[in-house]
Structure formats: structure tokens, C-alpha cells
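A short reminder: the numbers here are calculations on the coordinates, not readings from a lab. Bear in mind the structure is a predicted one, so any value in this text is a computation, not a measurement. Every residue, glycine among them, receives a Cβ derived from its backbone with ideal geometry; neighbour counts consider all protein chains shown.
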Amino acid sequence: MYYSFFILAFVIVTYSFYRVYRYKKLDNSIRKILKKNPIIIDVRTTGEFKSGAFPKAINIPLGKLRTCSLKFEKEPIVVYCSHGLRSVKAKSILQNRGCTSVYNGGALQDLKKYL
């Protein structure tokens with residue numbers, strides 16, 4: 001029983017540190033970029049997107065990001081997801097596809113703090 005308690009406590013503490021780390025690692029210039037009306041891409045699933053999204057965001061699920069047609073390679077792009085992990089991958093995919101100004105918005109709840 002004590003073993004389960006320690007595992008649960010470890011998971012909670014680890015997740016808390018992770019959330020602080022992710023928030024600190026968000027692109028520092030995200031507030032300035034959001035003022036310039038960038039393209040905002042939500043890389044969550046369609047179902048997640050329908051449950052609530054950042055204002056003016058478009059939904060391109062991470063699994064489709066490699067193959068979708070892009071018409072905004074030169075414009076600033078902010079990507080976000082539910083916890084910040086998929087947005088890291090999305091930023092990398094877009095940069096590999098030739099997008100020059102891609103910013104990681106992290107998790108939706110973190111990005112909403114900039115509204």
C-alpha cells in the first residue's frame with residue numbers, strides 16, 4: 001500500500017515539474033508574435049479541437065501535418081496542442097518543410113494566458 005502511495009506521489013511531483021518546465025520553455029517572444037496576427041495551428045485531433053480552441057486557430061492534426069498543403073511557409077506560425085508535446089514535434093515538422101518562422105505555443109491552457 002505504501003508503495004502505491006509513493007509511486008502516485010512521484011508521478012504527481014514529476015508532472016508538476018514538467019508543467020513548470022514546459023511553461024518556462026515556451027518561446028519567449030510568443031506574446032509579441034501573437035500581436036502580429038500569426039497563423040495559429042492547433043495540432044490536436046479534430047475531436048479535441050471541437051471541444052475548444054484558441055481564437056482564430058486552424059486545426060491540422062499532427063498526423064496530417066507532414067502531408068497537408070501549406071500556403072503560408074513565409075508567415076509566422078504558432079503551433080499548440082493539449083500538453084505541449086505534440087507542438088514540439090509540429091514545430092520541427094514545419095521547419096523541415098521550409099517554414100521559416102515557427103513558434104511553439106505549448107499547451108492550449110498556457111497559450112490562453114497570453115490573451
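Between 0 and 90 degrees, the angle of helix 85-96 with respect to the longest Cα principal axis of the chain falls at about 30 degrees. Here the dipole of the chain is about 280 debye; that uses its Cα centre as origin and unit charges on the Cβ of Lys and Arg (positive) and Asp and Glu (negative).
Considering only Pro38, Ala90, Ile7, and ranking their Cα positions along the charge dipole of the chain that arises from unit charges at the beta-carbon of Lys, Arg, Asp and Glu, the one farthest toward the positive end is Pro38. By the count of neighbouring beta-carbon atoms within 10 Å, fewest first, Val11, Val88, Val43 end up ordered Val11, Val88, Val43.
Please report Ser87, Ser82, Ser69 as a ranked list, fewest other C-beta atoms within 10 angstrom at the top and most at the bottom. Ascending Cβ contact count within 10 Å gives the list Ser69, Ser82, Ser87. One entry in (1) 13, 36, 28, 19, 4; (2) 12, 29, 19, 15, 13, 9, 2; (3) 14, 43, 27, 11, 5, 1 is P(r) over Cα pairs in 10 Å bins from 0, in percent calculated from the shown coordinates; its label is (3).
Mean-square fluctuation check for the chain, GNM, Cα pairs under 10 Å: which of Arg44, Arg66, Arg86 is largest? Most flexible of the set in this elastic network: Arg66.
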